[in-house]
């Protein structure tokens, strides 16, 4: 038997959650895990750049955690009996430790910086923005349905990590960080 990627079950604008519940494709739950998927793709794009091996290793870990979050968000919390992977507090701690380590070698922040300076750095900023959107959507979802607190916490920390990674990669790639100087 050959597995086909298309099922034709979504042709009328509905899709199934893990657990079998059918929802419209524009449901907040679908928007939430769809944005996680978009974020995961941008993280893959960063990982495909000419960056250090340690950062690539951490990005692979992050991509794995994003699949964990995606499967959690794709489940109907009231109907799914399927065992899905868990996010752990250590996943948040990893991001915090990585940020602390990167910060040791970065100049002190005295102002906001304009996104850009190098394509790889710009990819980090795009991923950071997508991560913030995923966080907002997930918080919106949590107002009506169960979402593990750790999911929101992880996404919050991940956006911070992506910002610090952008600064580290700016340094590694000899890109200029341009401070934002507001007009007054």
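The values are calculated or read from the model by the stated rules, or taken from the named source; none is laboratory data. Predicted model only: the values in this text are computed from it and were never measured. Glycine gets a Cβ as well: all are built from the backbone with ideal geometry, and neighbour counts include every protein chain shown.
Just a few scattered comments:
- Meets criteria (more than 17 Å from residue 159 (Cα to Cα), modelled with pLDDT of 95 or more and either touching a helix residue (DSSP H, G or I) at 6+ places or on another chain (Cβ under 6 Å) or surrounded by 19 or more Cβ atoms within 10 Å (Cβ to Cβ) (or both)) for residue 63: no
- The number of residues in region 130-153 that are touching a residue at least 24 places away in the same chain (Cβ under 8 Å) and either surrounded by fewer than 20 Cβ atoms within 10 Å (Cβ to Cβ) or within 9 Å of the chain's Cα centre (by Cα) (or both) comes to 13.
- Of 40, 26, 50, all but one fail to be at pLDDT 95 or above and either farther than 26 Å from residue 177 by Cα or assigned to a helix (DSSP H, G or I) (or both); the exception is 40.
- For region 160-184, the set of residues classified as crowded, with 20+ Cβ neighbours inside 10 Å and not in a helix (DSSP H, G or I) is empty.
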